[in-house]
Amino acid sequence: MRYGEADRILHLYTPQHGRVSAIAKGSRRPHSRFGGRLEPFFRLRMDLHEGRSELLTVTGAHTVAGHARLRTDASALDAAARACDAVGRLFETSEGHPGVFNLLCNALSLLDCDPARATRSYALAFRLKLLVAAGLAPRLSACVCCGENSGLTRFTGSGGGALCEQCWSSGSGQDSWRGVSFPLGTEAMDFMAQALSRPLADAPEAPAPALGQVERAIADTLEHHAHVRLMAASSGPI
Ligand SMILES: [Zn+2]
């Protein structure tokens, strides 16, 4: 954010101190010592001074990765912005989550290596890994209601994972499953299981309708358990 005549306020995500804000004085002057480094999606090693205010002061910044290639591609820039936004909303406190930091670094670095990765399936695979980091990994191998591991046809965000046809149709005293679950097909289920078990660099693909179900499953989980609503995973066609 521009601030005053020549300053900037930065929102930073750090491995040990989570999300912090800092002021970079004079950073908008033409010959600022920070150069062009204080831009979105840079990975930096920073010197931050802690004063009396909550705002830290940037006293030094060294580029670790500038992600120059990512910046040349509109889709990759958009994907990077959505990834950073998701991390900022889900992990908005000053609590450190080194795993989340590493996941975000990895996501930006992969987009920089190959901007064509910026697909909806990549964005959803990233979000599924964020769910795990937030302690909200959905249970997919067995019904969250009865524990049965076959006939899993639905998903419940409030219940925390897959639901079997039997529990849904019989109600088994739980008519409430009808209102808080939706159909999740095999392709969507497989996508989620693979995205959770593979590295992000090897994110799976799935047809658009399946990805729509996956996005809804992630959104329902986050809304119910973290009270967070993220922007759409990608700007591409739904
Ligand atoms: Zn069941």
Practice problem: Report, in deg cm²/dmol and to the nearest 500, the calculated mean residue ellipticity at 222 nm for the chain, where each DSSP H run with n ≥ 4 adds -39500 (n - 2.57) and the sum is divided by the residue count. | Solution: -11000 deg cm²/dmol
Practice problem: Mind telling me which of SER27, SER158, SER170 comes out most flexible in a GNM of the chain, alpha-carbon contacts under 10 Å? | Solution: SER170
Practice problem: Kindly report the accessible area of region 124-238 per residue (heavy atoms of protein chains, probe 1.4 Å, no ligands, DNA or RNA), in Å². | Solution: 47 Å²
Quiz prompt | With all protein chains modelled, accessible area of CYS113 [1.4 Å, Å²] | solution = 80 Å²
Self-check item: Cα-projected label distance for ALA65 with ARG52, points at 7 Å along beta-carbon direction, nm
Solution: 4.0 nm
Practice problem: Give me the compactness ratio for region 124-238, meaning the Cα radius of gyration over 2.2 N^0.38 Å. | Solution: 1.02
Quiz item: How many angstrom lie between the C-alpha centres of region 151-223 and region 1-77?
Solution: 38 Å
Exercise. With a 1.4 Å probe and every protein chain kept in, tell me what percent of the accessible surface of the chain is carbon plus sulfur.
Key: 49 percent
Exercise. With a bin width of 5 angstrom, please list the P(r) values of the chain as percents of all Cα-Cα pairs, from the 0 bin to the one holding the largest distance.
Key: 1, 6, 13, 15, 16, 14, 11, 8, 6, 4, 3, 2, 1, 0, 0
Practice problem: Taking only protein heavy atoms into account and a 1.4 Å probe, give the accessible area per residue of region 1-86 in Å². | Solution: 62 Å²
Quiz item: CYS146's amide H: which non-local residues (gap 5+, or another chain) put their own amide H closer than 5 Å, with H modeled 1.01 Å from N in plane and none for Pro or chain starts?
Solution: CYS164
Practice problem: Assuming R0 = 41 Å, can you tell me the calculated FRET efficiency for the pair GLU165 and GLU5, based on Cβ-Cβ distance, to the nearest 0.05? | Solution: 0.05
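Order these peptides, 117-128, 222-233, by their mean beta-carbon neighbour count within 10 angstrom, highest first. The partial results should precede the final answer.
Details: 117-128: 23.2, 222-233: 15.2.
Descending mean neighbour count gives 117-128, 222-233.
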Self-check item: Under-5 Å amide H pairs with THR59, H placed in peptide plane, nonlocal only
Solution: ASP47, LEU48, HIS49
Exercise. Give a residue-ordered list of calculated ³J(HN,Hα) values for region 142-152 (Karplus: 6.51 cos²θ - 1.76 cosθ + 1.60, θ = phi - 60°; whole Hz; x for Gly, Pro).
Key: 8, 4, 5, 8, 10, x, 5, 9, 10, x, 7
Quiz item: Quick one: what Rg and Dmax do you get for region 1-142 from the alpha carbons, in Å?
Solution: 16.2, 60
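The values are calculated or read from the model by the stated rules, or taken from the named source; none is laboratory data. Please read these numbers as outputs of a predicted model, since none were measured by experiment. We place every Cβ from the backbone using ideal geometry, glycine too, and count neighbours over all the protein chains shown. Keep in mind that these areas ignore ligands, DNA and RNA; they rest on the heavy atoms of the full protein, side chains included. Shrake-Rupley method; radii C 1.70, N 1.55, O 1.52, S 1.80 Å.
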